[in-house]
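This report concerns only the one structure given below.
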Amino acid sequence: MSDLFLDLTFSLLQTLFMLALAPLIIGIIRKVKAKFQRRRGPSIIQPYYDLAKLFHKGSSQSSTVSWVFHIAPYVCLGAVLVASLMVPFFITNTLGVIGDLIVVVYLLAMVRFFMTLAALDTGSAFGGMGSSREMMISAIVEPTMLLAIFTMALITGTTILSDISFNLASTGLDLVHPSLFLAAAAFFVCLMAENARVPFDNPATHLELTMVHEAMVLEYSGKSLAIMELASWTKLVLFAALMANVFFPWGIATEVTAQAIIMGIVAILGKVVLIALVIAVIESSMAKMRLFRLPNLLTVAFTLALLGVLSYYIL
Amino acid sequence: MIIIEAILLIPLAVAVACFFLPHRRTLEASALLGTGALFIIALMLGIDVLNNGPVQYSYWYVDELSAFMLFIITFVALMVVIYSVSYIGHDYEEREIDLRQFRSYYLMVQLFLLTMLLVVVCNNLGIMWVAIEGTTLASAFLVGFYEKDTSVEAAWKYLVICSLGIALALFGIVLTYASSIEVLGASSSALEWTTLRSIAPELDPTYLRLAFILIMVGYGTKVGLAPMHTWLPDAHSEAPSPISALLSAVLLNCAFYGILRFFIITELCVPGFATTLMLIFGLLSMALAAAFIIAAKDYKRLLAYSSIEHMGIISLGFGLGGYIGIFGALVQMFSHAMTKCLLFFGAGNILQKYNTKSMDEVRGVISVMPVTGALLLLGALAITGSPPFSIFIGEVAILQAGLSNEEYLVSGLYLALLVVIFAAFMYHISRMVFGKTTEGVTKGDAGPISLIPMLLLLGIILVIGVFLPEPFTDMVEQVAGIFPGGRT
Amino acid sequence: MNEQALTGVINGLAAFILLTAFVMVSHNRMNQLVRTFAIQSIALGAFAFAVAYYTGSDHIYVIAVLTIVLKGIVIPQFLKYTIDKIHVRKEVEPLVGIPLSLLLCAGLVMVAYYVAEPIIAGADAVTRNTLAISVAVVLIGFFLMITRRKAMSEIIALLVIENGIFLGAISITYGMPLIVEIGIFFDVLVAVLIMGLFAFRINQTFETLDTTFMRRLKD
């Protein structure tokens, strides 16, 4: 088997894995939050049922929408999946040849772009409001995310995500640098902001004053809503994978042996579930921030990322 | 040799005594006695150093420059303590302050004196820093002595701005130490001035340059060099007048002494760098002071700005360098201390008579208080550099240094600023001294206790100005000798 | 511990100290400011411990203990006491908004890096790289001083500057002679006490701790 073929197989496998895992992770977060609220909560596989139900339902749409609204769910899911091809999950063999961290970051930007376009397309007031808020947040999140991952690129000397993981995981603790923690903290804030979690947004609300993400997908129903939701859930897993494998990749499989791969799967599952738990704890213990306070938190994250880069040069 | 310890212990002992003494008169007596003894011991030590060379043991080092400073500090302190008997006594009689404040005044003056003496006798530049920061802390209470809103404000500004500046200076000391241990290895003497001077040419110039900038800005804040001077007019105008005199005549010189120690080392390592900096800060301070002297409305602030001007002149003198420049700067340091002390005493007498610091409300001092008025006028002439007073000699020497170094632009600016300041200062003072007496002011001069130190101070600057006595020139010549390029 | 791990710890602590400086910029409560200052001082003490362990010199241990006890515990407790005693509004009320402050401070870190570079090039201590961090902490302290105009926050800004210089002193010289360090500690302690006392007086005479009210003295 050639290397390229190996990379292709594994990246497809990993993408499918992420896609399949996404509803489960959401289920876990919801379950933990329910426990915090002293509810029994739905089963952790409830999101699968939700998706199945939505896929079987017909969808009703506003008569004024254009083609943008129709293709947006497919573009979003597609972009997320293409991005996942380049992100290592349980093994460092991915399709790094087709793109590096910048491509990944901008594929994710494309998801956001189409989501806001679709929301604007419906002409609904909520859609417009959600879009403008989303754009305000992403204006700071995007450079922060780039800087944070770029710090890791500096430390490891490559911009290809799987190589970053590979270099870090294979050299042990020698590459650990204070910058890593600063960048990781910045990236975690981005993770929360990009995936519409508390304190940036509340995924469980339909209150017009606070909606950001929900306001944008409000007009979708049935199958297209299912696709939209699946895209954003997969995006969460993708971010969790980035967090786990770019900043703390230890445990990931760096060679193609059964033992290493099993090890890698166990490690990444553990890490992603851990991130899900952290998210659930934060969401349960924090209130959503007022919209006008968000730039404060986001600038803190940006400064953290900038400090990461700077302290790499300084120390 | 315990003479240096004695110099430090006397003010400490007096401070402790002040804490326990019950009466006004005993407090005054102990302060007078202590400061008098201090002056005599310092004079003895000074003469010994001038005759037999520097004294150095354990943490202490007293060379000609320190002896010169010791003389200024202890003499001015003595004058201030004498004057305080009249000034603070007046406040006490008028019930503006109670016995607790009266006692804490004498106590803090002694502590302030202690920290200033520590600055000039210690060999270790780090300890010198601690002492200079100590002067800020000890004098902050004195600046805020009256506990009014304006004096609290002045004290706060003084504390914050000077502590900030001093913090920068500490960074400069760290850098100096870093360059020193590179040559010596980690040794406890690496921060001692005597050691540093002996290894100065081997020190790393990059470190030393940066260190001197930090020291210049840091201690320069305390000296009152522009643009770090902002605390100075507030503190000088809000403090009780004898304290203003102490601040202006001694504290500024002490901080300048801190700069000079580093100046010597830096000049030995990177010639020409420190002098340029001194030149720039000097001219800047003079120019700024000139502008504020023209616009002054409050006579204590006027005197404060004049202090900034004189610190600028001294800085310029050292910056121009050469024997004549350094000679001029040292004469200036000495004469400014004496003259400014005299002027602040005069201002204190006026303040207690007129109860205002505004120049517009003070008229006809000469007819109300003939002696104070005359002394003030003579003092003003002296401070602006008119012959036959000693500041004239200093200023002319510095001008000569400028001309002989062919720094014509600097000399021209210097001369122009002096003329402007002379005109503005004399305008303000003569309006206060002459003119129709302000209504509601009863005639009658301040008591003899306040006039004696003023007369004494005037006598000194006059004698030096007219005769330039040999012991004085010998002393200044010896002090100038420790500066690079300061030998004839 | 091997040398590499030790330098890792030293660098990590330095980065953490810088981080706490930024956290202070982002605070808008006086109590938070004091708490973060205490954390910073304890980190500084830990830094001194690490350097002491690395160099094996006894006097840095003394300094480390003094830092933790004085700056980490005594001074913050005193400041907290003063804040509680003076019943005033406890917001910091910065003159420059927090997001802009943070970005400006990040700029200051860059400035610090360029300023410190020539010195770092000439030094040979293992901790030389942390000098840039110390300059940055000093600059951030100055920034706090300029933009946070309350008496208490000015005291804390001064202490942050002191911490920065202290970090610098350990970074390039492994600490100054012990007697000097003790003198500096004494000064800092007395300065904080006196400034605390004046904060009381400001509060009495102006009924606020906002130093921008103090505009009576001018020409």
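The values are calculated or read from the model by the stated rules, or taken from the named source; none is laboratory data. Predicted, not measured: the structure shown is a model, and the values here were computed from it. Positions of Cβ are generated from backbone atoms using ideal geometry, with glycine treated the same way; all protein chains shown enter the neighbour counts.
Would a scan of region C:140-151 turn up a residue that is facing chain A (nearest Cβ under 10 Å) and buried (at least 24 other Cβ atoms within 10 Å of the Cβ)? Scanning region C:140-151, I find no residue that is facing chain A (nearest Cβ under 10 Å) and buried (at least 24 other Cβ atoms within 10 Å of the Cβ), so the answer is no. Filtering region B:196-211 to residues that are outside any helix (DSSP H, G or I) and hydrophobic (A, V, I, L, M, F, W, C) leaves only B:Leu203. Quick check on this structure: which one of C:Glu117, C:Glu154, C:Glu93 is within 18 Å of C:Val25 (Cβ to Cβ) and either without any contact (Cβ under 8 Å) to a residue 60 or more places away in the chain or at the interface with another protein chain (Cβ under 10 Å from one of its Cβ atoms) (or both)? Within the list C:Glu117, C:Glu154, C:Glu93, the selection yields C:Glu154. Within the option set A:Val300, A:Val272, A:Val266, being at pLDDT 90 or above, assigned to a helix (DSSP H, G or I) and crowded, with 17+ Cβ neighbours inside 10 Å holds for one residue only, A:Val272.
Of the residues making up region B:28-37, one or more are surrounded by fewer than 23 Cβ atoms within 10 Å (Cβ to Cβ), farther than 20 Å from B:Leu451 by Cβ and within 24 Å of the chain's Cα centre (by Cα).
What is the number of the single condition among (1) more than 10 Å from every other protein chain (Cβ to nearest Cβ); (2) not in a helix (DSSP H, G or I) that B:Glu147 does not meet? Evaluating B:Glu147 over (1) more than 10 Å from every other protein chain (Cβ to nearest Cβ); (2) not in a helix (DSSP H, G or I) leaves (1) as the failure. Hey, does region B:64-87 have a residue that's within 14 Å of chain C (Cβ to nearest Cβ) and either modelled with pLDDT of 95 or more or surrounded by fewer than 21 Cβ atoms within 10 Å (Cβ to Cβ) (or both)? Within region B:64-87, none of the residues are within 14 Å of chain C (Cβ to nearest Cβ) and either modelled with pLDDT of 95 or more or surrounded by fewer than 21 Cβ atoms within 10 Å (Cβ to Cβ) (or both). Exactly one residue among B:Leu288, B:Leu279 is assigned to a helix (DSSP H, G or I), within 14 Å of chain C (Cβ to nearest Cβ) and on the phi < 0 side of the Ramachandran plot, and that residue is B:Leu288. The single condition among (1) among the hydrophobic types (A, V, I, L, M, F, W, C); (2) closer than 24 Å to A:Ala72 by Cα; (3) touching a residue at least 40 places away in the same chain (Cβ under 8 Å) that A:Phe113 does not meet is (3). Screening A:Asp174, A:Asp163 for residues that are acidic (Asp, Glu) and within 12 Å of chain C (Cβ to nearest Cβ) leaves exactly one candidate, A:Asp174.
On the stretch given as region C:4-53, residues that are in a helix (DSSP H, G or I), within 14 Å of chain A (Cβ to nearest Cβ) and touching a residue at least 60 places away in the same chain (Cβ under 8 Å) total 13. Scanning region B:295-323 for residues that are within 14 Å of chain C (Cβ to nearest Cβ) and part of a loop (DSSP other than H, G, I, E, B), we see that the one that is nearest to B:Ile350 (Cα to Cα) is B:Lys297. Residues in region B:96-133 that are within 14 Å of chain C (Cβ to nearest Cβ) and in a helix (DSSP H, G or I): 18 in all.
Of all the criteria given as (1) among the aromatic types (Phe, Trp, Tyr); (2) within 14 Å of chain C (Cβ to nearest Cβ); (3) over 19 Å from the mean Cα position of the chain (by Cα); (4) buried (at least 21 other Cβ atoms within 10 Å of the Cβ), the one not satisfied by A:Tyr220 is (2). Say we look at region C:120-133 and pick out the residues that are more than 9 Å from chain A (Cβ to nearest Cβ) and in contact with a Phe, Trp or Tyr (Cβ under 8 Å, 6 or more places away or on another chain); which of these is surrounded by the most Cβ atoms within 10 Å (Cβ to Cβ)? Only one residue fits best here, namely C:Thr127. Residue-level check: of (1) assigned to a helix (DSSP H, G or I); (2) within 23 Å of C:Val126 (Cα to Cα); (3) within 12 Å of chain C (Cβ to nearest Cβ), B:Leu214 misses just (2).
State whether one or more residues within region B:476-488 are over 30 Å from B:Asn51 (Cα atoms) and either assigned to a helix (DSSP H, G or I) or among the hydrophobic types (A, V, I, L, M, F, W, C) (or both). No, region B:476-488 has no match at all. Within region C:31-73, being surrounded by fewer than 24 Cβ atoms within 10 Å (Cβ to Cβ) and closer than 22 Å to C:Val92 by Cα holds for C:Asn31, C:Gln32, C:Arg35, C:Thr36, C:Ala38, C:Ile39, C:Gly72, C:Ile73.
Of the residues making up region B:98-127, those that are farther than 30 Å from B:Gln56 by Cα and touching a Ser or Thr at 6+ places or on another chain (Cβ under 9 Å) are B:Tyr105, B:Tyr106. When B:Ser151, B:Ser139, B:Ser180, B:Ser163 are screened for being touching a Ser or Thr at 6+ places or on another chain (Cβ under 7 Å) and surrounded by 21 or more Cβ atoms within 10 Å (Cβ to Cβ), only B:Ser163 passes.
So that you can scan it fast, the table gives a plain yes or no per residue for (1) away from chain C (no Cβ under 13 Å); (2) over 30 Å from C:Ile10 (Cβ atoms); (3) touching a helix residue (DSSP H, G or I) at 6+ places or on another chain (Cβ under 9 Å); (4) not polar (S, T, N, Q):
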site: A:Val246; (1), (2), (3), (4): yes, no, yes, yes
site: A:Ala258; (1), (2), (3), (4): yes, yes, no, yes
site: A:Gly264; (1), (2), (3), (4): yes, yes, no, yes
site: A:Leu269; (1), (2), (3), (4): yes, yes, yes, yes
site: A:Ile279; (1), (2), (3), (4): yes, yes, yes, yes
site: A:Pro295; (1), (2), (3), (4): no, yes, yes, yes
site: A:Ala301; (1), (2), (3), (4): no, no, yes, yes
site: A:Leu306; (1), (2), (3), (4): no, no, yes, yes
site: A:Leu310; (1), (2), (3), (4): no, no, yes, yes
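Here B:Val365, B:Val396, B:Val371 are screened, and the one residue that is among the β-branched types (Val, Ile, Thr) and surrounded by fewer than 17 Cβ atoms within 10 Å (Cβ to Cβ) is B:Val396. The condition (being at the interface with chain B (Cβ under 7 Å from one of its Cβ atoms), crowded, with 17+ Cβ neighbours inside 10 Å and either within 18 Å of C:Ile83 (Cβ to Cβ) or modelled with pLDDT of 85 or more (or both)) is satisfied by just one residue among C:Glu162, C:Glu181: C:Glu162.
In the set (1) touching a Phe, Trp or Tyr at 6+ places or on another chain (Cβ under 6 Å); (2) within 21 Å of B:Thr473 (Cα to Cα), the condition left unmet by B:Ile383 is number (1).
Within region B:400-417, residues that are of a type in the set (A, V, I, L, M) reach partners that are outside any helix (DSSP H, G or I) with beta carbons closer than 8 Å, at six or more positions or on different chains, in the pairs B:Ala401/B:Gly321.
Does A:Met145 qualify as being crowded, with 21+ Cβ neighbours inside 10 Å and within 30 Å of A:Gly96 (Cα to Cα)? Here the answer is yes, as A:Met145 does meet what is asked. Within the set B:Ile280, B:Ile259, B:Ile264, B:Ile294, the sole residue that is buried (at least 23 other Cβ atoms within 10 Å of the Cβ) and not small (Gly, Ala, Ser) turns out to be B:Ile259. If A:Leu225 passes every condition in (1) surrounded by fewer than 22 Cβ atoms within 10 Å (Cβ to Cβ); (2) among the hydrophobic types (A, V, I, L, M, F, W, C); (3) under 23 Å from A:Ile268 (Cβ atoms); (4) touching a residue at least 60 places away in the same chain (Cβ under 8 Å) but one, which one does it miss? Failing condition for A:Leu225: (3).
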